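Beneath this line is the structure, given in structure tokens, with notes to follow.
The values are calculated or read from the model by the stated rules, or taken from the named source; none is laboratory data. The model shown is predicted, which means the values in this text are computed figures rather than measured ones. No Cβ is skipped: glycine too gets one built from the backbone with ideal geometry, and neighbour counts run over all protein chains shown. Keep in mind that these areas ignore ligands, DNA and RNA; they rest on the heavy atoms of the full protein, side chains included. Shrake-Rupley method; radii C 1.70, N 1.55, O 1.52, S 1.80 Å.
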Amino acid sequence: MAELTNKLDITVEELEENLGSKKLPAFIKKSEELFLERTNTVVDAVCSNSSIKAVFISGPTSSGKTTFTKHLAEGLSKAGRKAEFLSLDDYYNLSELRFDKDGRPDFETIDTLDLERAQSDIRRIMNKEKVYTPYFDFISKSTFEKDEPIQLDENGVLVVEGLHGLNKRVSGSFKDDECIKIFIMPYGNVYCDTKLMETNEIRLIRRIIRDVRHRNATALATIDYWPMIERSEEAYYEDYLSCADYHVNSFLAYESFVVAPLALADIRAALAAVKDKTIAPSCFMEKSNTGKPYADLSKALDKARRLVEHLEKIPECDSARVPSDSILLEFIGEHK
């Protein structure tokens with residue numbers, strides 16, 4: 001059973017102390033190296049046991065599952081165990097949705113996945129079959145078929161990543177000695193007199209940035225949808241953590257430098273659009289059963305304004321300083 005480990009608490013004063021021209025590169029380098037050490041721990045565990053044929057990865061939204069999985073797959077391949085990658089996000093099936101009392105569609109439940117196909121594909125891949133898997137485009141919300149199949153080598157490892165990667169309906173049919181289970185989540189706080197960001201806010205800030213850049217959403221749309229995400233996570237969080245072999249902390253000591261100013265700009269842009277009455281409807285409410293453009297715009301605005309007050313206190317650095325293989329690029333996008 002895994003437990004939340006390596007909690008990272010950092011103050012604004014500590015961030016400011018590391019902003020110097022010599023200190024900042026070293027601070028970033030050390031932060032990234034610590035995360036890679038956590039990844040390499042899992043690589044070593046897999047490579048030291050030839051009976052391990054699969055790695056299942058889970059964690060709440062905006063934990064960095066995709067980038068961690070890619071790092072893990074690369075590490076395994078370099079160590080002589082070629083890894084193939086499967087994302088459960090590509091098995092989205094939005095034909096039947098549930099809604100909360102405010103009309104938010106529940107995109108987080110495991111019932112939004114085509115589990116029958118996912119289970120079949122995983123079994124076939126594990127049996128060394130050549131399998132063509134789907135691809136889900138989050139902007140068009142459409143599913144396509146990938147051109148290249150997945151097929152495991154004799155010594156290969158399948159790495160399965162997704163919000164529900166540790167659900168028994170996904171990984172439960174495999175024996176404990178056949179797989180390793182990972183729970184990834186940022187675990188830390190940012191302080192300035194009082195707490196500015198804790199684990200949930202860290203993920204919310206990451207999610208705002210990613211949704212604006214990759215999912216055609218406004219910052220307010222993400223904030224408005226966040227209560228659904230939090231409620232959904234309460235239903236599975238403890239179960240998934242308890243059945244994991246490892247917890248990986250994906251919070252980087254320096255990331256507030258980068259994500260805070262980006263999220264601040266995104267939130268301010270959305271607030272300005274509200275003031276100008278040009279704010280776009282929430283993309284998360286397109287399938288709502290209420291027809292409302294936002295579930296609760298008033299509460300979202302209150303949350304947005306509180307976030308602005310907190311984010312304004314965090315020092316910033318140029319996002320170009322983020323290394324090209326950093327987990328943060330999953331949220332802020334690739335360097336131009």
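A few comments on the model shown:
- Filter result (out of contact with any His (no Cβ under 8 Å at 6 or more places or on another chain), part of a loop (DSSP other than H, G, I, E, B) and of a type in the set (A, V, I, L, M, F, W, C)) within the stretch 1-57: MET1, LEU19, ILE52
- For the stretch 257-289, the set of residues classified as polar (S, T, N, Q) and modelled with pLDDT of 95 or more consists of THR278, SER282, listed by residue number.
- Test result for GLU234, open to solvent by 20 Å² or more (accessible area, probe 1.4 Å), modelled with pLDDT under 95 and not in a helix (DSSP H, G or I): no
- Meets criteria (over 16 Å from the mean Cα position of the chain (by Cα), within 27 Å of PRO134 (Cα to Cα) and buried (at least 16 other Cβ atoms within 10 Å of the Cβ)) for GLU96: no
- The set of residues in the stretch 112-136 being outside any helix (DSSP H, G or I), of a type in the set (A, V, I, L, M) and either open to solvent by 80 Å² or more (accessible area, probe 1.4 Å) or more than 24 Å from LYS287 (Cα to Cα) (or both) consists of VAL131 alone.
- Breaking point among (1) open to solvent by 80 Å² or more (accessible area, probe 1.4 Å); (2) at pLDDT below 95, for ARG305: (2)
- Flag if SER142 is more than 26 Å from PRO281 (Cβ to Cβ), over 20 Å from the mean Cα position of the chain (by Cα), open to solvent by 10 Å² or more (accessible area, probe 1.4 Å) and without any contact (Cβ under 8 Å) to a residue 60 or more places away in the chain: no
- Scanning the stretch 237-270 for residues that are over 27 Å from GLU33 (Cα atoms) and of a type in the set (D, E, K, R), we see that the one that is surrounded by the fewest Cβ atoms within 10 Å (Cβ to Cβ) is GLU238.
- Which numbered condition LEU166 misses (of (1) open to solvent by 50 Å² or more (accessible area, probe 1.4 Å); (2) assigned to a loop (DSSP other than H, G, I, E, B)): (1)
- For the stretch 172-191, taking the residues that are open to solvent by 20 Å² or more (accessible area, probe 1.4 Å) and assigned to a strand (DSSP E or B), the one that is farthest from SER50 (Cα to Cα) is identified as TYR191.
- Summed over the stretch 107-132, the residues that are touching a residue at least 24 places away in the same chain (Cβ under 8 Å) and among the acidic types (Asp, Glu) give a count of 2.
- Candidate set: the stretch 176-198, residues that are more than 16 Å from GLN119 (Cβ to Cβ) and over 24 Å from the mean Cα position of the chain (by Cα); chosen: the one modelled with the highest pLDDT: CYS192
- Test result for GLU37, crowded, with 16+ Cβ neighbours inside 10 Å and of a type in the set (D, E, K, R): no
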